[in-house]
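Peer 1: Here it is: the structure, laid out below.
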Amino acid sequence: MNCSVSVHHASKSHFSDNLLSRVSLVTTFLCSVLFYQIGFSQTVHKQFNAPSTSLPTHYYRWNYFDINNIKATINNYGPFADYLRTSSAGLEWPKGSRKTALFSAGIWIAGIHRPTGELRTAIQYYQSEYQAGPIAGVFNTTTIDSTVISDPSDNRYRVYKLNKTYSDTMADSQQWPGDLGAPYIDVNANGTWERGIDKPNIFADQLLWSVYNDAFYKNRDVVKRTKPMGIEIQASYFGWDYVFLKDIMFLRWKVINKSNAYYDSVFFGIWNDPDLGNLNDDGIGVDISRNLVYTYNCDDVDQGANGYQLSPPAYGIVLLQGPNKKTSMRDSAYFNDSWHRGFQSLQITSFVPTFSLTDCDDCDILFFAHHMYNMLNGFNAEGTPFIDPHTTTPTKFVFSGDPVTQVGWYQSDSLSIGGTDVRGVVSAGPFTFAPNDTQEVIAAIILSQKENRLASITKLRFVTDLTREFFYDKYQIFENTPPAEDISSAPQEFFLTQNFPNPFNPTTTISFAVPDMGNPLPTKLAIYDVLGRTVSVLINQSISAGLHSVEWNAAGLASGVYYYSLSIGGMVQTKKMILQR
């Protein structure tokens, strides 16, 4: 029996056949028994729960994000790197290279229905519980009201695509669905989309948009048939072909509760199945301070026909804006392109691999809705806490160590598994989702590549910091932005990023680049209050060229505005930050 090919890329799209699915489950069981007997600690297959009652796949409509070095396959049912269209990985990088970084990806939402206490889910896994189109009214979660569900075969519910600098998407521009929620410029400021007067809001070099919902009951057996939540999602995918942005795709989801029900203890998750070149030597991890989940090569050489060879890149998904929840007026949150008092923007609250880390073979398989919900809460599928082998304490962030510095729990350390075919879900929650509430979540996919696998991780982290600053600057290219090719482990330019998080309480991270001038440069990083008094000196010594980060703990200080200033070899940059208790 060849367990390693029980489910593999070439056969992934064939699992809608019930007989083959049953054979696969039997094979999976036999393989798991064999693995247990010979001491293996990981599975080598991918499990698919193909819905047998879902809508025909010919209702699917695809388009491509391809404005820069990324080519991603977008499905109008929600996946933003869709293997169903390509019968292979859904994201190619660099575009035209036939090298791939991401097989499939989508969002997970789950919460407790009020007043029944039922768990309800909406999930994009290898198949989707969503269908194209909006919910045209209030969805009754008791009667499962089908009268408000749009016809997914309607061509209006495709993936629209606009380019800013050239007009190969004229039809989508002329038919832009502003009335469905697509972003537009309200030319006459009357608050209503009027075709022929108002214009599509093409705020990036390329913008793709679609709308879908979870209300179709027969799509519900991806994680074994919970009732629909009654949510509509308006999804935007956008990017730029400029400086470091050439290797980034932004994702924005407006999630609207169009049902008659409240949902408590709701979690929003981003699930992805990275295949970074050769998929069998990948590692996955989480950088909690940056809200970043990333994939890297565990070997120095990414071998094979699909491999990146001597310079394996790093791939990441960063949560730029999480769901928000109402708190006290002491808090503030960034959403809808501005800061709002009285709210808190949720950061990532867990990261869980969805491949087995133990001899429990079904701990990575979404057989039932509670498996998914356990993972969103930071446990394995069975609801058992993960234990950090270095600290022997429970954690909701698996592989939160650093493979670059070799500190903490990371996938390829001596206490963990080595490179393998990885998947994982990062979540943010909990929050309450009331009828008519809208949550806006924004993330970015980032690719980076340098001379070796660890340098690629370092560059990924620095580009993540630049991306966050670009986001908070409302997508404006800021001064002193280094070209993409100059962002490296030995940068040629002096650069200071905006601290994150900001506002913060009480810790925040500051990143900066020391240019390569041949010798270490005298470097001072200091914190000042509004009167110019020194609060703290974080660095005051000669620093070697490279990308650096430092964490500042403001415990004991009063809320308010502070400034941080970086001086390197006579060059000075200063930025403002806010301590908000």
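Peer 1: Mind checking which residues of region 56-91 are surrounded by fewer than 18 Cβ atoms within 10 Å (Cβ to Cβ) and in a loop (DSSP other than H, G, I, E, B)?
Peer 2: Listed by number, the residues that qualify are P56, S87, S88.
Peer 1: Can you work out which of the residues in region 384-400 that are within 16 Å of T349 (Cα to Cα) and out of contact with any Pro (no Cβ under 9 Å at 6 or more places or on another chain) is surrounded by the fewest Cβ atoms within 10 Å (Cβ to Cβ)?
Peer 2: Only one residue tops the list, namely S400.
Peer 1: Separate question: Can you say whether S544 is over 30 Å from R581 (Cβ atoms) and either out of contact with any Ser or Thr (no Cβ under 6 Å at 6 or more places or on another chain) or among the hydrophobic types (A, V, I, L, M, F, W, C) (or both), as far as the supplied structure shows?
Peer 2: The answer is yes for S544.
Peer 1: Another question, if that's okay. Which number in (1) closer than 17 Å to S210 by Cα; (2) in the same structural domain as F433 (by TED's automatic domain parsing) marks the one condition that S173 misses?
Peer 2: (2)
Peer 1: Considering only region 271-328, state which residues are more than 30 Å from Q344 (Cα to Cα) and among the aromatic types (F, W, Y).
Peer 2: Y296, Y308, listed by residue number.
Peer 1: Among the strands (runs of 3 or more DSSP E) contained in region 103-213, which hold 1 or more residues that are of a type in the set (G, A, S)?
Peer 2: Here the list reads 119-123, 206-213.
Peer 1: Quick check on region 341-360: of everything there that is under 15 Å from R290 (Cβ atoms) and surrounded by fewer than 21 Cβ atoms within 10 Å (Cβ to Cβ), which residue is modelled with the highest pLDDT?
Peer 2: That would be T349.
Peer 1: I want to confirm something. Restricting to region 558-574 and keeping residues that are on the phi < 0 side of the Ramachandran plot and surrounded by fewer than 16 Cβ atoms within 10 Å (Cβ to Cβ), which single residue is farthest from the chain's Cα centre (by Cα)?
Peer 2: That would be M571.
Peer 1: Name every residue in region 499-546 that is within 17 Å of Y564 (Cβ to Cβ), within 29 Å of the chain's Cα centre (by Cα) and not β-branched (V, I, T), in order of residue number.
Peer 2: Within region 499-546, N499, F500, P501, N502, P503, F504, N505, P506, S511, F512, A513 qualify.
Peer 1: Identify all residues within region 363-384 that are within 21 Å of L292 (Cα to Cα) and assigned to a loop (DSSP other than H, G, I, E, B); write none if there are none.
Peer 2: Scanning region 363-384 gives N377, G378, F379, N380.
Peer 1: Would you list the strands (runs of 3 or more DSSP E) that sit entirely within region 215-329 and hold 3 or more residues that are touching a Phe, Trp or Tyr at 6+ places or on another chain (Cβ under 9 Å) and closer than 20 Å to K396 by Cα?
Peer 2: 262-274, 282-287, 292-297, 314-321
Peer 1: Could you go through region 166-184 and let me know if any residue there is buried (at least 23 other Cβ atoms within 10 Å of the Cβ) and touching a helix residue (DSSP H, G or I) at 6+ places or on another chain (Cβ under 9 Å).
Peer 2: no
Peer 1: From the list Y125, Y160, Y130, exactly one residue is crowded, with 18+ Cβ neighbours inside 10 Å, under 30 Å from Q449 (Cα atoms) and hydroxyl-bearing (S, T, Y). Which is it?
Peer 2: One residue alone meets the criteria, Y125.
Yes/no matrix, rows are residues, columns are (1) surrounded by fewer than 23 Cβ atoms within 10 Å (Cβ to Cβ); (2) among the β-branched types (V, I, T); (3) modelled with pLDDT of 95 or more; (4) touching a Ser or Thr at 6+ places or on another chain (Cβ under 8 Å):
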residue: G285; (1), (2), (3), (4): no, no, yes, yes
residue: S289; (1), (2), (3), (4): yes, no, no, yes
residue: L292; (1), (2), (3), (4): no, no, yes, yes
residue: Y296; (1), (2), (3), (4): no, no, yes, yes
residue: Q303; (1), (2), (3), (4): yes, no, no, no
residue: A314; (1), (2), (3), (4): no, no, yes, yes
residue: V318; (1), (2), (3), (4): no, yes, yes, yes
residue: K326; (1), (2), (3), (4): yes, no, no, no
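Peer 1: Against the definition (of a type in the set (V, I, T), surrounded by 23 or more Cβ atoms within 10 Å (Cβ to Cβ), assigned to a helix (DSSP H, G or I) and in contact with a strand residue (DSSP E or B) (Cβ under 6 Å, 6 or more places away or on another chain)), how does I457 come out, yes or no?
Peer 2: For I457, the condition - of a type in the set (V, I, T), surrounded by 23 or more Cβ atoms within 10 Å (Cβ to Cβ), assigned to a helix (DSSP H, G or I) and in contact with a strand residue (DSSP E or B) (Cβ under 6 Å, 6 or more places away or on another chain) - is met.
Peer 1: Which one of these does N190 not meet: (1) touching a residue at least 40 places away in the same chain (Cβ under 8 Å); (2) surrounded by fewer than 20 Cβ atoms within 10 Å (Cβ to Cβ)?
Peer 2: Tallying (1) touching a residue at least 40 places away in the same chain (Cβ under 8 Å); (2) surrounded by fewer than 20 Cβ atoms within 10 Å (Cβ to Cβ), N190 fails exactly one: (1).
The values are calculated or read from the model by the stated rules, or taken from the named source; none is laboratory data. All values reported here derive from a predicted model rather than from experimental measurement. Please note: Cβ atoms are built from the backbone with ideal geometry, for glycine as well, and neighbour counts cover all protein chains shown.
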